[in-house]
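The values are calculated or read from the model by the stated rules, or taken from the named source; none is laboratory data. Everything quoted here is computed from the prediction, not taken from an experiment. FYI the Cβ positions are ideal-geometry reconstructions off the backbone, even for glycines, and counts take in every protein chain you see. Ligands, DNA and RNA are stripped out before the accessible areas are found, and what is left, the full protein with its side chains, is counted by its heavy atoms. Shrake-Rupley method; radii C 1.70, N 1.55, O 1.52, S 1.80 Å.
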Amino acid sequence: MSSSDTSARKSAAPEPPPPTAAQPPPPAAASTAPADRPTDEQLLAAKLVPLRHPGQWVSALVLLVLFAMLVNTVLTNNRFQWGTVGDYFLNGSIVHGLELTLWLTAAVMATGYLLGIGVAAMRLSHNPILSSLSFAFVWLIRSVPPLVQLLFWYELASLYPQLSLGIPFGSEFVTVRTAHLFSGILAAYVGLSLDVAAFSSEIVRGGILSVDHGQTEAAQALGLGNARIFRRIVLPQAMPAIVPASGNLLIGMLKATSIVSVIAVQDLLYSSQLIYNQNYLIIPLLLVATLWYIILTTLLSIGQFFVERYYARGSNRGGRRSFRELFRGNVPLLGRTGNELAGIS
């Protein structure tokens, strides 16, 4: 068959008639779908099924079993000697060490924050000498471990047998022998205060810088003085950023005071050590110190919560939540009150 015959047959075939208005429309695509396909109304009315997380449930079960084993061994292992722990919990030497720990923490935090505010002001000043010296101070203190600082201050007499007060490079008015001046507790007070000053200066500086500078400019435009601007404008807005970090620093310092035991300062831990060096009840006495630290840090955490809530009033960061709601939000096993409180301390 030739190509001319094929083209003639194609031209002779009848063409489909053009669609007219009277003809029905072509079948819709939906009509070709299976008859059991749900409609949009059915999809909207369907019950939502939560996503399954079998891995999370398995890991939670494993952790729960391990936690139960830990509680069981702590309660049933006679080597913990909980009776001895109770006997020494309110021992006179332990209470004396506890008082020294609390006093040292309060004194170090108060002195350190006073110095830290001054160092932060120096860092924020436009004076290049003050700014550079404050930067060098923070860099040096943060680079040296607190224990090393304590040992340096405790051994200061080896470097400077005596300290003098007088005119620089001139006559001396007062001279003190450092061997009699720097006892263990004074070395601990000075070393830990300088350590707190370095860290607190950065906390304060960060809180002040978190306040928008435009508010200071607006207050200056209204004619307010610098002191009033800082007290009424900057400080109230900086405190929500300063308080949480300061609370962490306070709790950390309470525990860090235990390092003063290496220079024979009779704090809570050193008092426990003195007792178990005599009766060899090491674990019960360590448990006594541990329980006291847990109690103190818990009380400080509760106090931090109320201080944070005070400075967070008027903001949208859950400033009016109660302590009970916060606790249940972080421990959902006791009944979560809202997912928005999870992870908030």
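A few comments on the model shown:
- Relative contact order %, the stretch 61-185, counting alpha carbon pairs below 8 Å whose residues are six or more apart: 11 percent
- Overall form of the stretch 185-317 per C-alpha gyration tensor (a/c, 1.5; a/b vs b/c): prolate
- For a label point 7 Å along the Cα-to-beta-carbon line of ALA157, residues of the stretch 168-185 with backbone N under 18 Å: 175-185
- GLU172 - accessible surface, heavy atoms, 1.4 Å probe, Å² rounded to 10: 110 Å²
- Solvent-accessible area of the stretch 99-178 (1.4 angstrom probe, protein heavy atoms only): carbon and sulfur portion equals 72 percent.
- Accessible surface of MET69 - all protein chains present, 1.4 Å probe, nearest 10 Å²: 110 Å²
- For the stretch 267-285, backbone nitrogen atoms closer than 20 Å to the point 7 Å from ASP87 Cα along Cα-to-C-beta are found at 271-285.
- You can think of it this way: the chain between TYR310 and PHE169 has 45.7 nm of extra reach, that is 0.36 nm per residue less the Cα-Cα gap.
- Segment THR298-GLU99, length gained on full extension (0.36 nm per residue, minus Cα span): 69.9 nm
- Sites ARG324 and ARG37, calculated FRET efficiency, Cβ-Cβ separation with R0 51 Å, nearest 0.05: 0.55
- For ILE129 and VAL176, the difference between the fully extended length at 0.36 nm per residue and the C-alpha to C-alpha distance is 13.9 nm.
- The stretch 227-256 residues near the modelled ALA121 label - backbone nitrogen below 19 Å, point 7 Å along Cα→Cβ: 227-239, 242
- Rolling a 1.4 Å probe over the heavy atoms of the protein chains gives the stretch 82-178 an accessible area of 65 Å² per residue.
- Loop-located chymotrypsin sites (Phe, Trp or Tyr not before Pro) in the stretch 224-321, at most 10 other Cβ atoms within 10 Å (DSSP): TYR280
- Per-pair calculated FRET efficiency, R0 = 30 Å: LEU64 and LEU286 via Cβ, rounded to 0.05: 0.65
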